[in-house]
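J.: Before anything else, here's the structure in question.
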Amino acid sequence: MSPRWFVFLLNFWPPFRCAGIRVRRISPDWREIDVELRMGLLNRNYMGSHFGGSLFSMTDPFFWLIVSRALGRDYVVSHKGGRIEFLKPGYGVVRAHFAVSDDALESIRARTANGERDLPEFSTEIVDEAGVVIARATQILHVRRRTAA
């Protein structure tokens, strides 16, 4: 499936659509993803800023998607956990950029070469329209080589 078609499908996926999350771009090599969250009535908290759960949701699947696509079918990649640090209230449109380097992927391959599991952590910053960091999110993956059946 092409990245462009996958963007289209993700933007109609109910958890993202209802939360106001929009995938803006997936690079042709699937190594970078840009996501945004627009302020709306359904993702606003009591204080009028972005709801923290929506901010965290906009970071949830993307490092998993990048790593699983990059490593291919020889690896099992699952989402182990994550955390978010809220730095400032967010208003308006907020954005996050996800990227995984070749070095990070090679490191995962090296650490799983002998059948061991790896728990890599990837972080991104969520920024507002002025480019100010409002939150930092970290996602923890579980990666292992697939065993021969």
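Please treat every number below as a calculation from the coordinates, not as lab data. Bear in mind the structure is a predicted one, so any value in this text is a computation, not a measurement. For neighbour counting, all protein chains shown are included, and Cβ atoms are generated from backbone atoms with ideal geometry for every residue, glycine included.
J.: Just need the relative contact order of the chain here, percent rounded to a whole number, with Cα pairs under 8 Å and 6+ apart.
T.: Relative contact order of the chain: 23 percent.
J.: For the chain, what is the calculated [θ] at 222 nm in deg cm²/dmol (nearest 500), taking -39500 (n - 2.57) for each run of four or more DSSP H residues and dividing by its residue count?
T.: -7500 deg cm²/dmol
J.: While we're on this one: Convert each backbone phi in segment 122-132 into a coupling constant with the Karplus relation 6.51 cos²θ - 1.76 cosθ + 1.60 (shift: θ = phi - 60°), then list the ³J(HN,Hα) values in order as whole Hz, x for Gly and Pro.
T.: 10, 10, 9, 10, 9, 10, 8, 5, 8, x, 7
J.: Could you give the angle, 0 to 90 degrees to the nearest 10, between helix 102-112's Cα long axis and the longest principal axis of the Cα atoms of the chain?
T.: So the helix axis and the longest Cα principal axis differ by about 50 degrees.
J.: Spelling out what I want: for every residue of segment 69-80, take phi, set θ = phi - 60°, compute 6.51 cos²θ - 1.76 cosθ + 1.60 (Karplus), and round to whole Hz; glycine and proline get x.
T.: Once θ is set to phi - 60°, the couplings for segment 69-80 become 5, 5, 7, x, 6, 7, 10, 9, 10, 9, 8, 8 Hz.
J.: Could I ask something else about it? Which longest run of the chain has no exposed loop site in it, a site being trypsin sites (Lys or Arg not before Pro) in a DSSP loop with at most 16 other beta carbons within 10 Å, and the site itself not part of the run?
T.: By the stated rule (loop sites, at most 16 other Cβ atoms within 10 Å), 74-116.
J.: Can you list residues from other chains, or at least 5 along the same chain, whose modelled amide H is less than 5 Å from the amide H of Val93?
T.: Here Met39, Glu129 satisfy the definition.
J.: Let me ask another. Treating only the Cβ of Lys, Arg, Asp and Glu as charged (+1, +1, -1, -1), what charge dipole size does the chain show about its Cα centre? Round to the nearest 20 debye.
T.: Taking the Cα centre of the chain as origin, the dipole is about 460 debye.
J.: Eigenvalues of the Cα gyration tensor times 5, then square-rooted: what semi-axes does that give for segment 3-145, in whole angstrom, largest first?
T.: Output for segment 3-145: semi-axes of 28, 16, 13 Å.
J.: How many angstrom separate the Cα center of segment 123-149 from the Cα center of segment 31-98?
T.: Here the answer is 8 Å between Cα centres.
J.: Residues with amide H under 5 Å of Phe51's amide H, sequence separation 5 or more or different chain, H placed in the peptide plane at 1.01 Å from N; which?
T.: Arg44, Asn45
J.: Once phi is turned into ³J(HN,Hα) by the Karplus curve 6.51 cos²θ - 1.76 cosθ + 1.60 with θ = phi - 60°, what whole-Hz value does each residue of segment 40-45 show in order, with x for glycine and proline?
T.: Coupling constants for segment 40-45: x, 5, 8, 10, 10, 8 Hz.
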